[in-house]
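Worksheet for the structure shown next.
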Number of protein chains: 2
Amino acid sequence: MTKLFKMSSGNARKLVSKLVFKNGLIPAVAKNNSGKVLMVGFMNRKSLLKTLTTGYMHYYSRSRRRIWMKGEESGFKQRVLEVRVNCENNSLLFTVEQEGLGACHMGYETCFYRKASIRGVFKKVEEKKFNPKRVYGPSRLKTSKKLLKE
Amino acid sequence: MTKLFKMSSGNARKLVSKLVFKNGLIPAVAKNNSGKVLMVGFMNRKSLLKTLTTGYMHYYSRSRRRIWMKGEESGFKQRVLEVRVNCENNSLLFTVEQEGLGACHMGYETCFYRKASIRGVFKKVEEKKFNPKRVYGPSRLKTSKKLLKE
C-alpha cells in the first residue's frame, strides 16, 4: 500500500480557503494511478477537510444530504495519493488507491462502466468485479434503481 | 485525426432523456486518450445536445451563463471520441482529442496543473505549453485572475 496523502487540520483549512465552492460544493473527480476515472462526486468544505486530514475520500451526497466516507458500507475505501486543483480553483482531481474490488456500488471497478453508442443508448463495456448484493445488501441497490431512469 | 463521435439529433435527444440533471446541469469530465484529465465542466441539456450532434465539446459556463464551445476563442477545440455515463446517470466522462497546444486557458495541457502539498499550498507541477496572452489576449486572463483567490 502506498503512503496516504494527508495533512494537519491547519494546513487543510489553509488549502480549503483558496477554493471556490458553488452552493457550498465543489466537484471532485477520483481517478486511480493507471489514469482510470473511477467516479465523480461533490464535496462540501467539511467533507473535503475530512478527506485532507484523514487521507480517505469523503464526499457530500446531494440526495442524502450528508457526508459519507467512500467505503463506509462496502469497506472499499479510497486512499488519497494526490490532490490537484484546476486553474479556476473550482474543481478537484484526486488520485486514489481503490481498496477492495471496485468503486462502483453496482459491482464495477469504475462507475463509468457504460458507453454511449451513436444510436443514443448506453452499453456496458466493463466487466463486473463483484456481486453488489453481497457487498451492500439488497436495500441500497433498490434505492439506486429508483434513481436510474432506465 | 481520429473519427469524431457524433450522432443524429434524434439519438442525442434519446440519450439526454436518460440523464439526471441537477438545476439543469450535469458535470462533464474531459480526459484524453492517455488517461490525463484535462478539465471538468458542466453541461446543460442544450450544450450536451450540441456536443453529441457536432462531436465537439460544448460546456455551459455557470459564471457567464451561456453555452460555449471549447476552443471558440483559442481554436483549441476538443474532439469527442467516447462518451461514458456513471451508474446513477448524473455525470459524464468524455474521452477527447485536444486540438492545439492544450486545454487550459492559463497555457497548460490540463487545467489540473497544480498539486497540493501537505503544507496546504498548491504548486505547479506541469510544464507551460503556450503563451496564453498570445492565444486568448490579455482581457480573458484578467477576468480569470479575478476569479482566483490566490
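Near the amide H of B:LYS129, within less than 5 Å, lie the amide hydrogens of B:TYR108, B:GLU109, all on another chain or at least 5 residues away, with H placed in the peptide plane. The alpha carbon convex hull volume per residue for the protein assembly as shown rounds to 126 Å³. Under a Gaussian network description of chain A, with springs only between Cα atoms under 10 Å, the residue in A:SER47, A:SER61, A:SER17 that fluctuates furthest is A:SER17.
What dipole magnitude, in Debye to the nearest 20, does the stretch A:9-98 give about its Cα centre under +1 on Lys/Arg Cβ and -1 on Asp/Glu Cβ? Intermediate results must be reported in sequence, preceding the final value.
Values: 17 positive and 5 negative charges, 64 e Å.
In total the dipole reaches around 300 debye.
Quick one: what are the phi-derived ³J(HN,Hα) couplings along the stretch A:51-63, Karplus 6.51/-1.76/1.60 with θ = phi - 60°, whole Hz, x for glycine and proline? Couplings: 4, 6, 8, 9, x, 10, 5, 10, 10, 10, 8, 6, 7 Hz. Here the sum of -39500 (n - 2.57) over DSSP H runs of 4 or more residues, divided by the residues of chain A, equals -6000 deg cm²/dmol at 222 nm, to the nearest 500. In this structure, the pairs whose alpha-carbon distance is over 19 Å, taken from B:LYS50/B:LYS133; A:LYS31/A:LYS70; A:LYS22/A:LYS46; A:LYS36/B:LYS77, are B:LYS50/B:LYS133; A:LYS36/B:LYS77.
Does the stretch A:9-98 classify as rounded, prolate or oblate by the C-alpha gyration tensor (a ≥ b ≥ c root eigenvalues; a/c under 1.5 gives rounded; else a/b over b/c gives prolate, otherwise oblate)? Note, shape of the stretch A:9-98 comes out rounded.
Phi angles across the stretch B:76-82 convert, under the Karplus curve 6.51 cos²θ - 1.76 cosθ + 1.60 with θ = phi - 60°, into 3J(HN,Hα) values of 8, 6, 10, 7, 7, 10, 7 Hz, Gly and Pro given as x.
Peptide A:103-115 is shielded by partner chain Cβ atoms: per residue, an average of 4 of them sit within 10 Å of its Cβ. Under the convention that each Lys and Arg Cβ holds +1 and each Asp and Glu Cβ holds -1, the size of the dipole of chain B around its Cα centre is about 520 debye.
Full extension of the chain segment joining A:LYS36 with A:THR2 gains 10.5 nm, where the gain is 0.36 nm per residue of separation less the Cα-Cα distance. Computed from label points 7 Å out along Cα-Cβ, the spacing between B:ARG66 and B:GLU127 is 3.6 nm.
Only the coordinates and a few stated rules stand behind these numbers; no lab work does. Predicted model only: the values in this text are computed from it and were never measured. No Cβ is skipped: glycine too gets one built from the backbone with ideal geometry, and neighbour counts run over all protein chains shown.
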